[in-house]
Amino acid sequence: MVENKPVTVLVLLAGYFSWIYPCFLGPDNVGVTADYKIRWLSIWKRQRDGRSIDIQVSPNTIDFVTRELQDANTSYTRWIQNIQSLIDEQQVEEYEKAADSKDPEDTFSLTRYNTFEEISVFMHSLTKTTFTGPSGDEILVDHNAIGQTYEENSIHLIKISKPGSQKKAIFLESGIHAREWISPAVALYIVHQLSYNPSRSTAVEQLVADFDWYIVPVLNPDGYVYTHNKDRLWRKNRRQPSFGNNLTDICHGVDLNRNFGYKWGEGTSTDQCTETYSGPSPFSEPETLAVKRVLESRNINFLLYISFHSYGQYWMYPWGYTSTYTKDVKLLEFGAKIAVEALRQKYNTDYTVGSVYNALYAAEGVSLDYAKGQAGIKYCYTVELRDKDQYGFLLPQNQITPTCEETMDGIMALVGYIKALETK
């Protein structure tokens, strides 16, 4: 049973910077009291230009918060009246799935949020299946565990390719933040499309003919398991705090997307009890170290890196640590625009394009900047998936399929753009 008390999320409009930080937050986005930091106010999403911020507020402080907002003349909207009701809906769906069958191989589905056990079973099943594309050519699917977490869960990597000489490679990383369930769902859909190719699409087969694909569906297994069993809105991994295991639960874990070695620690949180704690040192976590080892492998020539997150509908490029742009920003920006336009054609879903720092907020030690700045991968993107101002991290399961389909269209367009540039 996921333990969460009823809470309300607010969207705070322009002017929040002058009000929210001195009144409610410590420097790292966690509500404070005179005694100790407690998790009664948490930032879900904020925009650097001050247009809006989404915060989660506990029920026993909502009246106080709204009074303070009104006194500060800060406009706001309550856009999820009760988060627990959305969590309960997803729990009911979990129980119904479990009632159908106890075998994870039977309960795995691309249209539902799968448990880590179900995902693991699916990963292993791929190596037992023979795949062929519509051309009749064999599609090779290899599975490797590239690391093991603190709680001894495997970090799964799937490679999808065609026989023959090694090609340039694409790396997709999902599930780095535990509560962003739509991210692994999209990665699993892409794995299924590239291997099974259910529509027998020659265009999909061509993706595998042109590039080798490396996909990590769940980079943060411990955190993902924790969101299914304990706290649906958990973000970090499950590292034990350095000062013992007897304090409040929020002191566990590292934000894996602040733990990468490029520009690590420059403005990030050093407080273990915050959601953006960057860890004791760069690459201190087995999850980030596993990615580093793959990306810096001398035997693989990575050309494209995509990190999937939610929510907000952004297609972003480096940098996260600074407002300045990469020298090839026009190349990256045009690729992102091609992707979001192709994506929009499917269900008219609008995405914002920009650098992480300028489109969203400053973020140091992120995988995107590491992939570009240290691993030397030419095309690097972070994609914040659905939705926008309706469900946040609790995207309903009926939106999984459309999110997957439109994202696949965007990736196919982006890969086509990159292929054209690289074969000139």
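What to note about this one:
- Too-long pairs where the Cα-Cα distance tops 19 Å, listed order kept, from K346/K372; K168/K378; K159/K292: K346/K372
- Taking every C-alpha pair closer than 8 Å and separated by at least 6 residues, the mean separation divided by the residue count of the chain gives a relative contact order of 16 percent.
- Estimated from helices alone, the mean residue ellipticity of the chain at 222 nm is -10500 deg cm²/dmol (sum of -39500 (n - 2.57) over DSSP H runs with n ≥ 4, per residue).
- Computed over neighbours whose Cβ is under 11 Å from that of R239, the net charge equals -3, Lys and Arg +1, Asp and Glu -1.
- Using only alpha carbons, segment 295-359 has a radius of gyration to Kirkwood radius ratio (Rg to Rh) of 1.01.
- Per-residue Karplus couplings for segment 141-152, computed as 6.51 cos²θ - 1.76 cosθ + 1.60 with θ equal to phi - 60°, are listed in order as 10, 10, 10, 9, 9, 8, x, 9, 7, 4, 9, 6 Hz, Gly and Pro entered as x.
- Descending principal axes extents, segment 318-424, alpha-carbon based, whole Å: 39, 34, 19
- Residues in segment 221-237 carry Karplus couplings, in order, of x, 4, x, 5, 4, 5, 5, 7, 9, 9, 10, 4, 9, 5, 10, 7, 7 Hz; the curve used is 6.51 cos²θ - 1.76 cosθ + 1.60 with θ = phi - 60°, and Gly or Pro positions show x.
- Restricting attention to the chain, close to 60% of DSSP beta bridges with both partner residues there are antiparallel.
- Net charge dipole size for segment 226-331 [Lys, Arg +1 and Asp, Glu -1 on Cβ; Debye, nearest 20]: 260 debye
- Computed over segment 254-315, Kirkwood Rh from alpha-carbon pairs, angstrom: 13.1 Å
- Computed across segment 172-275, the Kirkwood hydrodynamic radius from all distinct Cα-Cα pairs reaches 15.7 Å.
- Estimated dipole of segment 61-202 in Debye, rounded to 20 [Cβ of Lys and Arg +1, of Asp and Glu -1, Cα centre]: 800 debye
- Highest-MSF residue in the chain out of A290, A145, A359 [GNM, Cα springs under 10 Å]: A145
- Residue-normalised accessible area of segment 181-220, given per residue in Å² at a 1.4 Å probe: 22 Å²
- Label-point gap, in nm, between R200 and A72 - each point 7 angstrom along Cα→Cβ: 6.0 nm
- Normalised by residue number, the volume inside the convex hull of the Cα atoms of the chain is 140 Å³ per residue.
- Student exercise, the chain dipole from Lys, Arg, Asp, Glu Cβ charges, in Debye to nearest 20: 1120 debye
- Considering only V356, V225, V92, the mean-square fluctuation computed in a Gaussian network model of the chain, springs between alpha carbons under 10 angstrom, is largest for V92.
- Shape analysis of segment 225-379 yields a ratio of the Cα radius of gyration to the Kirkwood radius, Rg/Rh, of 1.00.
- In segment 367-422, one over the average inverse separation of all distinct C-alpha pairs is 13.5 Å, which is the Kirkwood hydrodynamic radius.
- Rounded to the nearest 10 square angstrom, D103 shows an accessible area of 70 square angstrom against a 1.4 Å probe.
- Summed residue charge, Cβ within 10 Å of D54's Cβ, Lys/Arg positive, Asp/Glu negative: +1
- Taking a ≥ b ≥ c as the square roots of the eigenvalues of the Cα gyration tensor, segment 156-203 is classed as oblate, since a/c reaches at least 1.5 and a/b does not exceed b/c.
- Highest GNM mean-square fluctuation among N82, N348, N114, for the chain modelled with Cα contacts below 10 Å: N348.
The values are calculated or read from the model by the stated rules, or taken from the named source; none is laboratory data. These figures come from a predicted structure and were not determined experimentally. So basically every Cβ, Gly included, is an ideal-geometry build from the backbone, and we count neighbours across all protein chains shown. The accessibility values were calculated without ligands, DNA or RNA, using every heavy atom of the protein model including side chains. Shrake-Rupley method; radii C 1.70, N 1.55, O 1.52, S 1.80 Å.
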